[in-house]
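Worksheet: one structure, shown below.
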Amino acid sequence: MIKEIAQGLGLTLRHFFKKNVTLQYPKEMRNFHPRFRGAVGMVRDQETGKERCVGCGLCAAVCPSNCLTVVPGTDDVGLRNAKIYLYDMGRCVFCGMCVEVCPELALVMTHEFELSVYDRSQLILDAGAMLRLSDREKERTGESIEEPGFPAVTDAPSTFLKHNQLDPRIQRGKFQSHQPALGTLPYGYPMKYEEYLKKIREGKPLVQGTLPPNFQEIQNKYLPEDSRVPMPKFVENQADTAAEVRIKHMTVGDINKVESHKYYDEDGQGSKKRVELGKGEWADKK
Amino acid sequence: MKESLQVVAQKLQEKFGGNILGITEFRDEVTVRVKKTIWFEVHQFLRDDPDCAFNMMIDETAADYPLRDERFDVISHLLSLSKRHRFRVKASTSEKIPSLCPVWKTANWLERETYDMFGIIYEGHPDLRRILMAENWEGFPLRKDYPTEGYDI
Amino acid sequence: MQNVMNPVGGDNFQEKGDKRMRLSLGPHHPSTHGVLQVIVDLEGETVVRCDPVPGYLHRGTEKLAENKYYTQIIPLTDRLDYLSPFNNNLSYTMAVEKLVGIEVPERAQWIRLILSELQRIASHLIWFGTHVMDIGAITPFLWAARDRETIMDIFEMCSGARLTLSYTRIGGLMSDVPPGFNEKVHEFTELFHKALKDYNKVVSKNPIFMSRTQGVGVITAEQAIQYGLTGPSLRGSGVEWDLRKHEPYMYYDQLDFEIPLGSTGDSYDRYLVRMEEMEQSNRIIQQALAKLPSKGPVKADDPKIVLPPKELSMSRAEEMQRHFYQVIHGFPAPVGECYFGLEGPKGELGFYIISDGSPRPYRLKIRAPSYVNLQALPLMTEGRMIADVITCIGTIDIVLGEVDR
Amino acid sequence: MFSLALFDVVNATEARVNAPEEPVIWFLQTFVTLFIIMNVVMVIMAYQTWAERKVMALAQQRFGPMRTGPIGLLQPIADAVKLLNKEYIVPRDADKTLFFFAPIIAFIPALAAFAVIPWGDATGEGLFGGWIRPIIANLNMGILYLLALSSIGVYGIVMSGYTSGNKYATLGSIRSSAQVVSYELTMGLGLMGTLIMAGSLNLNDVVIAQQNTMWYIIPQFFGFIVYAISGIAETNRNPFDLPEAESELVAGYHLEYGAMHFGMVYLGEYINMNVIAATVATLYLGGWAAPASFLEFIPGPIWLFLKFAFFLFIYYWIRVTLPRFRYDQLMGFCWKVLFPIALANVAITAVFKYLGITFGWWG
């Protein structure tokens, strides 16, 4: 009995002389692995300097948490782009699927993870803010973050061609999307089940909110005809209007306000000491 | 179909005859559909028969098919530790089904959850309360006609 | 002064004169591991009734899943058992793969196997830390967290996330592992082997720890089967049942490992079983690293389900069309139903999918081991002291994300 | 009048100091000494929280407090300021008066116990012509006084738990009262051996007796173990921290306290630790006396502090290593293990003393 306790005490005593494994976080920060999935940024096209997005809406279609709103349009040159591109970081789960499916390699997961703000509306970013996010990433790493179809900047051995090594004819904006604009409406507060049923039975519009995309499909398939309810009106709205409603309700955030780390930034240089992660450091003696 | 499961299927046919509505196989998994009247008996038989020996209940759940007369499918997954085979039993019901708590204690919470989510009433359940949703919750969330989203201004 | 032992009034209180005290442990309680509420009736310090109340973390994952494409559900599964997200990803993905009948390439399978075992170690480490911390020793938790960090680094290296991995895809993995993966995992296994000895030294033979866990929360083999316990909770009672051995999936049949078994079914046995499982997982990882093919695809070659690789979709119009079609419309699964369960750190983690032929599951049932195992809590605690309730909550290793789904 | 009355009381209990010629000056001197010692104790106690966190952090391979001041040295001050700034909240079901006074009752007796700890040779004059004396009150029954005060401290704990109107707090205080009352017995019995050997209840006498022979930790090893373990239990520290067992009772008896009242409960606990550590240093580790004559150039207070700090370190060290007992195991341990050992120790020591047996080093 005493032997075991003494063994335990000896072990804790030995740990007094081992190296600390924690970091002084706001002052120093660990280096992330290249694939780290932070906030989604937009890649700048190296020729035009604008975003590479063509507004196809695949990212919004695949997003499991409905955090992207895309309305396609054309720019002054006549190339397709996103007229409205909204990214709601407050809803984002950082799964990286948008980046994976982007056919234009226009999105990238940056290493930005300090995303706290005082106002939730600041978490809604537009294309410009997302561009600045990836710019900041480029500043930090000092290299272009154009990488083919990977959820994050990667160090994977790639057989893929870099985007700018591709045939110039297929580089940007050449694929026309036939997809209607996808997007969700702003969300508010849930209402009671009864009220909800009453409203949609009476055909009253629900100003905010979305139904599952297969709402009508489910009803047609599984409900008898008399108990089916019409599709609430807001779904029939044009996506443009939807985005406008959304913009009206929410201010678009400024990425420069999403900088919680600057409060800890002692030298005022906007840079923190990055600590390289060692290999099994904790086992070594101090 | 595994040999041991063929024996099980055969025995079930012998024992319950017309109350077995069909035995299907998909992806090496055997499903037997029974009438809800023998729901309890079939499980007791499957547990006690030495050739079946399904001593463990893995799961009990339900699925909602709102267009049918008996809209719910009650589904149980069984496992035999000694025979190393699995089995699935299904029965349709409109609302009520006998509880399996006397057969397996596992069924207690699994049935409570199914009641909570679908509103299926398990007769003979010792403690049929809501378990995951709040006690005063309206509606049964996993029914197909339950709205997924609904928002007010 | 008001009698605090017998406060009168409110639904939760008893009649005046009742000698028992009704105590609500949780949902905000340091050792209920999340938001579990346990209502206990006490006589002195002895528990006479114990009623766990889950549901405070219910997010409706199953309902959400009914309205998402099969691929979109993967991030949802991260959040079930958030201490072993990879196993959730894997179990779900393998269930869908079984449903659609797709073959996963060998390299992807081996990587999955290695990561799955790493995740088992990570999950057991957190269990070890919190269980021991509940009993009162604070230091092992931080040592365990230290070693878990190394595992999470490996996951960050592969998938980019430390907790919500979403690393698997239907038919393979999100991407191949980066260079340096093998070395890093190998290094971890060696370090971990040493660390495990430390844990055993400081906790396993500690007389206070032994007296707190031996004979506490006894579940006999019959009870364990009757209550449907799986995983270490079942093996702690001496029932030999491990899906890796008895219903081998992936390549577990090619690996040499042992299944630790308990004898009495008390907390200490379950503790020893889990500690030994970590050691065995370590062994499995070492063997699997040796067998991991150095090259090969990590996604299945099935044009209906797997997205085309970028170099194809960006250079060929028809591939790009396929890409668009698959992202927007998903892939339809055959009509039918299937269940797949794997040996998760907590027990049998199963996904039961009913498909109606659409790209979304008609019904997705998650067979959460924590939920089923938590049922045994009243069995373990009634008639014992309140401190044993804490030990028992720790020893069945629940994660509330999984209990409540 | 008051000072004279106090002088009478003190005079009646003081045997060593001759009756002062100037009672007023004597009183002022006591006051100065008191002021200095209390402040030193408070600062030590504040930094003890810092030291504990640092020691625990070291064992757990992390930094501990680092943000306030260099290596977190201002942390205790920051904590105190934070506590002072918080709102004082009384629960609805609490007994308001007792709830208010309970922490004070826990805090004051603990602090008062320091009056009898000598930090230099108490028979001497002290510094600055007696203006700073080596002991506040050189009581002949110093150890009794210590035990009495530590018993009063229990009332604070019991009251704070019981008046909070909270079930966890009540459970905590019930556990605490049972625990403290039981362990007080073993604590007293554990001390008994040293007293028999020294032949005095005066702490200074015990120190001098040790100086003449050797540290009592060697002849009285079992007594030391019993006293140290009971001391840890008496102060509700790990592995005996059942009354505030975080994982079971959330915070135990001080669950409902906030602001400076929580601070007082918390500090009372730490001062109790200090008292135990100081008595261990005095009774078993030779107190202010240097371990060897060539080390006597280092003043007594420093020796006392070193021994005291060493014992506190053991406190922390045990805390980072050991898990917690269960309630019944704790009581069983007290009555079935510690109590017989302590009794046997007392009996053997008494018999040896009576027979006058010495084994060379046996005093």
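Using 1/(1 + (r/R0)^6) with R0 = 30 angstrom and r between the beta carbons of D:Leu98 and C:Lys19, what's the FRET efficiency to the nearest 0.05?
0.80
Given 5 Å bins starting at zero, what is the percent of C-alpha pairs of segment B:3-123 in each, up to the one with the largest pair distance?
Calculated P(r), rounded to whole percents: 2, 11, 24, 26, 20, 12, 4, 1.
What residues have an amide H closer than 5 Å to that of A:Arg52, excluding those fewer than 5 places away on the same chain, when H is modeled at 1.01 Å from N in the peptide plane?
Long-range HN contacts for A:Arg52: A:Val43, A:Asp45.
How large are Rg and Dmax for segment D:143-298 when calculated on the C-alpha trace, in angstrom?
Rg, Dmax (Cα atoms, Å): 17.5, 58.
Taking other Cβ within 10 Å of each residue's Cβ, how do C:Arg162, C:Arg367 sort, fewest first?
In increasing order of surrounding Cβ atoms, one gets C:Arg162, C:Arg367.
Arrange the following residues from fewest to most other Cβ atoms within 10 Å of their Cβ: C:Glu45, A:Glu104.
Ascending number of Cβ neighbours within 10 Å: C:Glu45, A:Glu104.
Averaged across D:168-174, how many Cβ atoms of other chains sit within 10 Å of each residue's Cβ atom?
That works out to 3 on average.
Evaluate peptide C:328-341: per residue, the Cβ atoms of other protein chains within 10 Å of its Cβ; return the mean as an integer.
What the average comes to for C:328-341 is 4.
Which whole number gives the average, over all residues in C:237-246, of C-beta atoms from other chains lying within 10 Å of the residue C-beta?
The per-residue average across the peptide is 1.
May I ask for the percentage of alpha-carbon pairs in chain C that lie more than 42 Å from each other?
Above the 42 Å cut-off, chain C has 17 percent of its Cα pairs.
Helix-only mean residue ellipticity at 222 nm, chain C, DSSP H runs n ≥ 4 weighted -39,500 (n - 2.57), per residue, nearest 500. What is it?
Value at 222 nm, helices only, nearest 500: -14000 deg cm²/dmol.
In Å, what Rg and Dmax follow from the Cα atoms of segment D:178-226?
11.7, 39
Once amide H atoms are placed 1.01 Å from N in the peptide plane, what residues at a sequence separation of 5 or more from C:Ser358, or on another chain, have their amide H within under 5 Å of its amide H?
C:Ala333
At R0 = 30 Å, how high is the FRET efficiency between D:Ile36 and C:His28 if r is their beta carbon distance? Nearest 0.05 is fine.
Calculated value: 0.10.
Please go through the residue pairs C:Lys184/C:Lys245; A:Lys19/C:Lys205; C:Lys63/C:Lys310; A:Lys83/C:Lys98; A:Lys3/D:Lys54 and name each one whose alpha carbons sit more than 30 Å apart in this structure.
Cα-Cα > 30 Å for C:Lys63/C:Lys310; A:Lys83/C:Lys98; rest within.
Using Cα springs under 10 Å in a Gaussian network model of chain C, which residue among C:Ile126, C:Ile74, C:Ile102 shows the largest mean-square fluctuation?
C:Ile102
Counting Lys and Arg as +1 and Asp and Glu as -1, what is the net charge of the other residues whose Cβ lies under 15 Å from the Cβ of D:Leu147?
Combined, the nearby Lys, Arg, Asp and Glu give -2.
List, in order, the whole-Hz ³J(HN,Hα) value for each residue of segment C:118-134 obtained from phi through the Karplus relation with A = 6.51, B = -1.76, C = 1.60 and θ = phi - 60°; use x for Gly and Pro.
4, 5, 5, 4, 4, 5, 5, 5, 5, 4, 4, x, 6, 4, 5, 5, 4
In the P(r) worked out for segment B:1-70, what percent of Cα pairs fall beyond 16 Å?
54
Tell me, how many Å apart are the Cα centres for segment C:208-263 and for segment D:268-291?
For segment C:208-263 versus segment D:268-291, the Cα centre distance is 50 Å.
What ranking of B:Glu3, B:Glu41 emerges when the number of other C-beta atoms within 10 Å of each C-beta is taken as an exposure proxy, fewest first?
B:Glu3, B:Glu41
How large is ³J(HN,Hα) for each residue in segment A:49-57, as worked out from phi by the Karplus curve 6.51 cos²θ - 1.76 cosθ + 1.60 (θ = phi - 60°), to whole Hz, x for Gly and Pro?
Going residue by residue, I get x, 9, 5, 8, 4, 10, x, 6, x Hz, with x marking Gly and Pro.
Report the dimensions of segment C:326-395 along its three principal axes from the alpha-carbon atoms, largest first, rounded to Å.
Computed over segment C:326-395, the largest-to-smallest principal extents equal 56, 21, 18 Å.
With chain B treated as a Gaussian network of Cα nodes joined by springs under 10 Å, which of B:Trp109, B:Trp39, B:Trp137 yields the largest mean-square fluctuation?
Looking only at B:Trp109, B:Trp39, B:Trp137, the largest GNM fluctuation is found for B:Trp137.
Could you work out the relative contact order of segment C:61-404? I mean the mean sequence separation of Cα pairs under 8 Å and 6+ apart, divided by the number of residues, in percent.
This gives 26 percent for segment C:61-404.
Scan around B:His85 for amide H atoms under 5 Å from its own, H built in the peptide plane at 1.01 Å from N, and keep only partners 5 or more places away or cross-chain.
B:Ser80
Note down the net charge around D:Gln211, summing +1 for each Lys or Arg and -1 for each Asp or Glu among other residues with Cβ under 13 Å from its Cβ.
-3
I'd like the Karplus ³J(HN,Hα) series for segment C:289-305: coefficients 6.51, -1.76, 1.60, θ = phi - 60°, whole numbers in Hz, and an x wherever there's a Gly or Pro.
4, 5, 8, 5, x, 6, 9, x, x, 10, 10, 5, 9, 9, x, 7, 10
Count charges around B:Ala107 for me, please; just the other residues with Cβ under 13 Å from its Cβ, Lys/Arg as +1, Asp/Glu as -1.
-3
Springs between alpha-carbon atoms under 10 Å, Gaussian network over chain D: tell me which of D:Leu304, D:Leu189, D:Leu147 tops the mean-square fluctuations.
Result: D:Leu147 has the largest fluctuation of those listed.
Would you calculate, for chain B, the mean residue ellipticity at 222 nm contributed by helices, counting each DSSP H stretch of 4 or more residues as -39,500 (n - 2.57) and dividing by all residues, to the nearest 500?
-7500 deg cm²/dmol
Bear in mind these aren't lab numbers, they're just calculated from the coordinates by the rules spelled out. None of these values were measured; they are calculated from a predicted model. Cβ atoms come from the backbone with ideal geometry, glycine included; neighbour counts cover every protein chain shown.
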